[in-house]
Amino acid sequence: MRIVDAHTHIRDRSGESAPLFELASRLGYDRFAVQSLQCTGSLLQNFLCAALKLRHPDTVYAFGGLEYRSGLDFRTQGIRLREAGFDGMKMLEGKPNVHKQLQTALDDPKYDDCYSYFEETGFPVVLHVADPPEFWDMARVPSWALERGWFYDETHVPYERHYEEVEGLLSKHPKLRAVFAHFFFLSGDPERAQRFLDAHPSVFLDVTAGIEMYENFSKDPAFWREFFMKNAHRIVFGTDSVDTRASDDPDGEVDLAGYAGMEIEFLKSDRDITIYGKKLRGIGLPVSAQERIFHKNFESLVGEAPKRMDRAALIAEADRLAGYIEDEAGAAALREIVAFLKGEA
């Protein structure tokens, strides 16, 4: 069965991203999408994603991101990303620490023209909105999340406010082809997840872990099997894998082959799964549902093959943003990417 990993990330500036290809080989899939985190302030992210796609044009999809330094309006940015050959948009703007940094609601009118363009063109958007609700509770937040700075206090947007902003966004842009990452952090509230899907027929959920998601699913595998079968046309597979190995990952993340492999096993089988001390139980979906989740839904959004990148458009964008990259290492990395785009490296 064909599998497309719709949710991966790039950290390594070398341009190789070998661990992502090794992971795909070990787990038996041959295509994946890299999701830019440009909105966090790293102006290299779109270029790294685009360059990897250019190196592997039949294997890699690339989702671009908005930048907040130059002042260029968001609609124009979206148009340029789509015309440059990106397959979609990634918005991490709804992750609480990023939301706090940007001080901009997801339904702020300044995004409206951009969202409208995405509606008009069918350009898909992957949105990370909120985080697990326990991250707002010091008594419940996991230690690993606390270490990463993912505990949210009164200085952050409250948990429920994120969902209010999404409702505001979708009320204005009901045809937006939106994928809400990490199951929209509703695995602990399946009735609400179903209401959300029913109310917004253009949206999808992805099953990129969060381990808490799979723990919640495992509490009632029979229920969740029925949920997944009912909504198989609305769920997208992804792993959140990165192109750094556990030994050189600055965040000390878990072995990604085990983590991503768990997600595949969970959907394919109804066996018990033990990973990092967590006991999970698979839901063993029928092949027809697996096909929808593992590749068909994503392909319905972006096509069965990645779009071709426009090198000239990428070079022009690099020229536009070069002056906003203040650190020499970043500037040097951008120069290397531009040389590659020009065929000089």
Has the range 86-102 got at least one residue that is part of a helix (DSSP H, G or I) and under 23 Å from Pro201 (Cβ atoms)? no
All but one of (1) within 24 Å of Gly210 (Cα to Cα); (2) in a helix (DSSP H, G or I) hold for Ser116, so report the exception by its number. (1)
Give me the pairs, please: first residue somewhere in the range 113-125 and more than 11 Å from Ile79 (Cβ to Cβ), second residue anywhere and part of a helix (DSSP H, G or I), beta-carbon distance under 6 Å, and either six or more positions apart or on two chains. Pro124/Leu301; Val125/Phe118
State all residues of the range 69-112 that are among the β-branched types (Val, Ile, Thr) and touching a Cys at 6+ places or on another chain (Cβ under 8 Å); if no residue qualifies, say none. Val98
Looking only at the range 22-59, count every residue that is crowded, with 17+ Cβ neighbours inside 10 Å and assigned to a helix (DSSP H, G or I) and tell me the total. 16
Test Arg311 against the criterion of being among the basic types (Lys, Arg), closer than 30 Å to Ser218 by Cβ and crowded, with 16+ Cβ neighbours inside 10 Å, and give yes or no. no
Filter result (under 17 Å from Leu92 (Cα atoms), part of a helix (DSSP H, G or I) and in contact (Cβ under 8 Å) with a residue 40 or more places away in the chain) within the range 134-166: His162, Glu165, Val166
Those helices (runs of 4 or more DSSP H) completely within the range 281-345 that have 3 or more residues that are under 30 Å from Tyr68 (Cα atoms) and of a type in the set (A, V, I, L, M) are 311-321, 328-341
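Quick note: the coordinates plus some simple rules give every number you see, no bench work behind them. Computed from a predicted model, the values in this text were never measured in an experiment. Backbone-built Cβ (ideal geometry, glycine too); neighbour counts: all protein chains shown.
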